[in-house]
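The block underneath contains the structure these notes are about, expressed in structure tokens.
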Ligand code: SAH
């Protein structure tokens, strides 16, 4: 666990404990993910005007037509990404406000996260720095093609929906690696792509609703 988070947001601990109970009721079983979600003060990642709703299980606006993902979907995606085991290097596409990156930082050794909207990138970087989360590298970049120059990842997670499963991205998975991505336009599904020595295996998990993955920087 990231020690720097202890002591932050004591007042919201009870609210977060309720959130964790709800996530359990919704079927999240991974104790490592639940502990990470308990530790990260979600209210610090949304506008002050919305802070009172930060622990409701809803997505919330974070400007520029983007949203901070609903806690359930963050928990679910991280649970699938972990697959019950520890994570070493993880790539996140779509930093947004940086909340999911902060949770990832608690369950992975090293996180790279990419955001195409400059003000969001800057704000997320600042927020993560203020929380003294040091194992997340935030980059202002179009992440639709991943980050091939950074080497292979044990986990790749996308916070925006791609039109189709990307072959370019899955090539950036290490053997034994897992990728969790929303795919589709009107109708979207969450997919798990696993890489083993023999190749790739795709599993369709559940219907989801994400903002679209867009191309280029903004
Ligand atoms: N994980 C975020 C949720 C962000 S919403 C959180 O916890 O808040 C999805 C984000 O993906 C948006 O900020 C959007 O700008 C970003 N995005 C969309 N297409 C992208 C791309 N090609 N590269 C990088 N980021 C992208």
- Message: At a 10 angstrom cut-off on C-beta neighbours, averaged per residue, how do the peptides 70-83, 39-52 rank from highest to lowest?
- Response: 70-83, 39-52
- Item | Per-pair calculated FRET efficiency, R0 = 30 Å: residue 142 and residue 201 via Cβ, rounded to 0.05 | 0.65
- Query: In terms of the Cα gyration tensor, with a ≥ b ≥ c the square roots of its eigenvalues, is region 63-137 rounded because a/c is under 1.5, prolate because a/b exceeds b/c, or oblate?
  - Reply: oblate
- Task: Determine, for each peptide in 139-148, 185-194, the mean count of other beta carbons within 10 angstrom over its residues, then list the peptides with the highest first.
- Result: 139-148, 185-194
- Task: Compute the acute angle (0 to 90°) between the alpha-carbon long axis of helix 71-82 and the principal axis of greatest extent of the alpha-carbon atoms of the chain; round to the nearest 10°.
- Result: 50
- Query: Do you know the relative contact order of the chain, to the nearest whole percent, from alpha carbon pairs under 8 angstrom that are 6+ apart?
  - Reply: 16
- Here D for the chain, in µm²/s, from Stokes-Einstein with a Kirkwood Rh over Cα pairs at 20 °C and 1.002 mPa s, works out to 125
- With Cα atoms, 0 to 90° folded angle of helix 118-130 axis to the chain main axis: 60
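Laboratory data are not the source of any read-out in this text; all were calculated from the coordinates shown. The shown structure was predicted, so the numbers you read here are calculated from the model rather than taken from an experiment. Methodologically, a virtual Cβ is constructed for each residue, glycine included, from the backbone with ideal geometry; neighbour enumeration extends over all protein chains shown.
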